[in-house]
Amino acid sequence: SLLRGENGISHRQKVMNRYVSLTDKPPVDGCDIITTIDVDMQDIAEKALVDKLEELEAFVGVAAIMEVKTGEIKAIVNMTRGNDGKYYEMKNSAVSDLMEPGSTFKTASMMLALDEGKATLSTTVDCAPGIYPMYGRKMKDHNWNKGGYKVLTFSNILEYSSNIGVSRIIDEAFKDDPQKFVDGLRRMGVGIPLNLPFVGKGEPLIPQPNSKKRYWSKSDLPWMSIGYVTQQPVISTLTFYNAIANNGKMVKPKIYKGETEIMDDSIASSETIKAIQKAMRDN
């Protein structure tokens, strides 16, 4: 309704033996929109994504580039494999598809442990022998069949993406009050709706331990800490990481030029932000 404008009305009338068009109501131009997309970045991102999808024979893949300070989306590519085996833009998967974030969620868990004073950069965890029993289930690192990682520092846990390292820290810190973990995530902007102006957008789904709508088991906390149990669109994960790069200031992603919308001036203390930045740089 804003972009299409309004049609005008005119009629033909004979004037001095010839017909001319006379305007009864002039047309009204629609509003202009200038997207944030950088065509060169978009082309590079699309080629890189398709090459990787073909290599992995994957079904769907997403690549997005977000400018740290402004939240402008410089490139966003959503590719799905068609029946002919080739990849096409079929839907905005980065915004609409809900999926378990997996290991990308571990940074949020470890960052919350820092912010709550439950861990420091000098914290260590013994991850040997690669398998750790947790509430009747086995938490495994990917190299469990080779004996695991043994003792890892905070930064090492992120570097090697250790399931055992993350889950043991979080379980020890929040097992008596898992709701505090979920509330802490929301305080950092994890699991909150972004309210993006897109049709079909997905909203994060993070179970609440105190909710009566869903049974909460003791194993949910450690598995949630490594990116399972929850679901969120890729754009939500990108927005969180962008806030870390932006020294704690979370900005709303935008696809068109306009004012930068600040969602949170600081998702964590400055000390926590500096510590998680150092841990990530060390990797």
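The values are calculated or read from the model by the stated rules, or taken from the named source; none is laboratory data. Because the structure is predicted, anything quoted here is derived from the model rather than measured. Cβ placement follows ideal geometry from the backbone for every residue including glycine, while neighbour counts extend to all protein chains displayed. Side chains are part of the model used for accessible areas, which takes the heavy atoms of the whole protein and leaves out ligands, DNA and RNA. Shrake-Rupley method; radii C 1.70, N 1.55, O 1.52, S 1.80 Å.
General remarks:
- Of all residues in the range 204-215, those that are touching a residue at least 40 places away in the same chain (Cβ under 8 Å) have Cβ atoms under 6 Å from Cβ atoms of residues that are outside any loop (DSSP other than H, G, I, E, B) and open to solvent by less than 30 Å² (accessible area, probe 1.4 Å), 6 or more apart or on another chain, in PRO204/GLN232; PRO204/SER236.
- Those residues of the range 175-212 which are open to solvent by 60 Å² or more (accessible area, probe 1.4 Å) and either closer than 13 Å to LEU112 by Cα or not in a loop (DSSP other than H, G, I, E, B) (or both), in sequence order: LYS180, ASP183, ARG186, ARG187, LEU205
- Top-ranked residue of the range 144-166 - restricted to ones that are more than 18 Å from ASP115 (Cβ to Cβ) and touching a helix residue (DSSP H, G or I) at 6+ places or on another chain (Cβ under 6 Å), ranked as most open to solvent (accessible area, probe 1.4 Å): SER161
- Qualifying residue in the range 88-98 (condition: open to solvent by less than 40 Å² (accessible area, probe 1.4 Å) and touching a helix residue (DSSP H, G or I) at 6+ places or on another chain (Cβ under 6 Å)): yes
- Any pair with Cβ under 6 angstrom, 6 or more apart, that starts in the range 130-150 at a residue that is part of a helix (DSSP H, G or I) and ends at one that is surrounded by 13 or more Cβ atoms within 10 Å (Cβ to Cβ): TRP144/GLY130; TRP144/ILE131
- Identity of the residue in the range 108-143, polar (S, T, N, Q) and open to solvent by 10 Å² or more (accessible area, probe 1.4 Å), that ends up farthest from VAL229 (Cα to Cα): SER122
- Within the range 219-251, the set of residues being part of a loop (DSSP other than H, G, I, E, B) and surrounded by fewer than 18 Cβ atoms within 10 Å (Cβ to Cβ) comprises SER219, TYR228, ASN247.
- Unmet criterion (only one of (1) farther than 23 Å from PHE198 by Cβ; (2) hydrophobic (A, V, I, L, M, F, W, C); (3) outside any helix (DSSP H, G or I); (4) open to solvent by 100 Å² or more (accessible area, probe 1.4 Å)) for LEU2: (1)
- The one condition from (1) open to solvent by 20 Å² or more (accessible area, probe 1.4 Å); (2) β-branched (Val, Ile, Thr); (3) in a helix (DSSP H, G or I) that THR260 does not meet is (3).
- ILE169 vs. criteria touching a Ser or Thr at 6+ places or on another chain (Cβ under 9 Å) and more than 18 Å from MET99 (Cα to Cα): yes
- A residue that is under 29 Å from ASN156 (Cα atoms), touching a residue at least 40 places away in the same chain (Cβ under 8 Å) and of a type in the set (A, V, I, L, M, F, W, C) cannot be found anywhere in the range 37-60.
- Residue list for the range 9-47, filter: farther than 27 Å from VAL77 by Cα, within 44 Å of the chain's Cα centre (by Cα) and open to solvent by less than 80 Å² (accessible area, probe 1.4 Å): VAL28, GLY30
- Pair list, Cβ under 6 Å, 6 or more apart: the range 13-31 residue in contact (Cβ under 8 Å) with a residue 24 or more places away in the chain and closer than 29 Å to LEU2 by Cβ, other residue open to solvent by less than 90 Å² (accessible area, probe 1.4 Å) and not in a strand (DSSP E or B): ASP29/GLY5; GLY30/GLY5
- For MET90, the stated conditions hold: it is aliphatic (A, V, I, L, M), more than 30 Å from ILE169 (Cα to Cα) and either more than 14 Å from the chain's Cα centre (by Cα) or in a helix (DSSP H, G or I) (or both).
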